[in-house]
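Comments concern the structure below.
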Amino acid sequence: MNNYVENRLNTLITKKSLDEEECFKSYLERFRFEKWTLDGVDFVVSFPRSFARANDFQKILDLSKSTLKLNCCFYLKSSYSVKENELLSQHIPFIIEDRLIYLPFMYTCIEETAHRFVENQSKREFEPINKLGMRAQQILCYALTLGRGVYPITYLTKTLNIPHTSFARAFDQIERLYLNITKYDNQRKFIDLSDLDEKDLLNLISKFQSPIVRQFFTNKFVSELPLASFSAMAYLDKEFKYNRYNISAILKEDNNPLIQGQIRQNNLPYNLQKFDKQNIIQEMEYIVPFADNKCIDPFTIISTLKGRELDVPQIKESVLRLIHKYFFKD
């Protein structure tokens, strides 16, 4: 029964009976329950024995979250009659065999018919994506600096001076990759970060791409530029100690003479071991306004770190401190 999901997601599922099934005792006549583990994530899977309404699904989902602290997904045969739009609009996780996999808590939506729900409850074609464009990432990073909350996409993009044509495409990308943080109210679009916990946030950030275009070594420190990378991390997190190079950021579109002249003329290979230049300038696809331009935002900082750097305990601990300080506002 889970072969369809394994084949489409190219991963293995561990399933077992649900020991805590008693908490669903009022639904046992109409639903069967299992516990699945997919990519390290545990969740309940409910199999309707007969027709059920969307509000039944919502009640079971709420019960699973409150009692077991687990998400619940509903597995439906392809012949099962269901209003997909209603489930999608309420962000109820479900699988329709051979047709659709919608697991918003794992940022997954795969539809064999290449359709998905939009605000007018019609359908449009789309192609799955596995990464964000830089505009979309810039919007999300700015929203994350505001902390938990629900933010109109027009407010975010106006603050960032992003034109309408770009923000519509950016929101579309966010919606495809992060299904459970986009919402609609009539024709208005929102980024909803109100329910993210630490695990959700780290999962979201893990899909970010580095906005660094290139790096330059130079013997000149430009104090007007915002700090970046480990320099910015040390500026925002006083417990993180870093004193090797001064690392700054500059926007790619800037006509700054540093980019046009001195930096490019003094460009050195990044892996050069012996040199007397003690400053690094990172040319960036975007810079989110933050800390009075003293440094780039913490979520962009994290996106610039390489995998091996994130394995260093001091860096990993600093990342957690940053997200708690600037997103959860601890």
* Asked: When the Karplus curve 6.51 cos²θ - 1.76 cosθ + 1.60 is applied with θ = phi - 60°, which whole-Hz ³J(HN,Hα) does each residue of segment 219-234 get, with x for Gly and Pro?
  -> 8, 10, 8, 9, 5, 6, 7, x, 5, 9, 6, 5, 5, 5, 4, 5
* To do: At 0.36 nm per residue, minus the direct Cα-Cα distance, what do Asp39 and Ala168 gain on full extension? Give it in nm, one decimal, please.
  => 43.3 nm
* Structure fact -> Listed by chain and number, the residues whose amide H is under 5 Å from that of Leu251, excluding neighbours fewer than 5 places away on the same chain and using placed H, are Met284
* **Those lysines that a straight Cα-Cα span of less than 29 Å connects to Lys25, excepting residues fewer than 8 apart in one chain** => Lys15, Lys16, Lys35, Lys59, Lys65, Lys69, Lys77, Lys83
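We did not get these values from a lab; they are worked out from the coordinates using the rules stated. Keep in mind it's a predicted model, so treat the numbers as computed, not measured.
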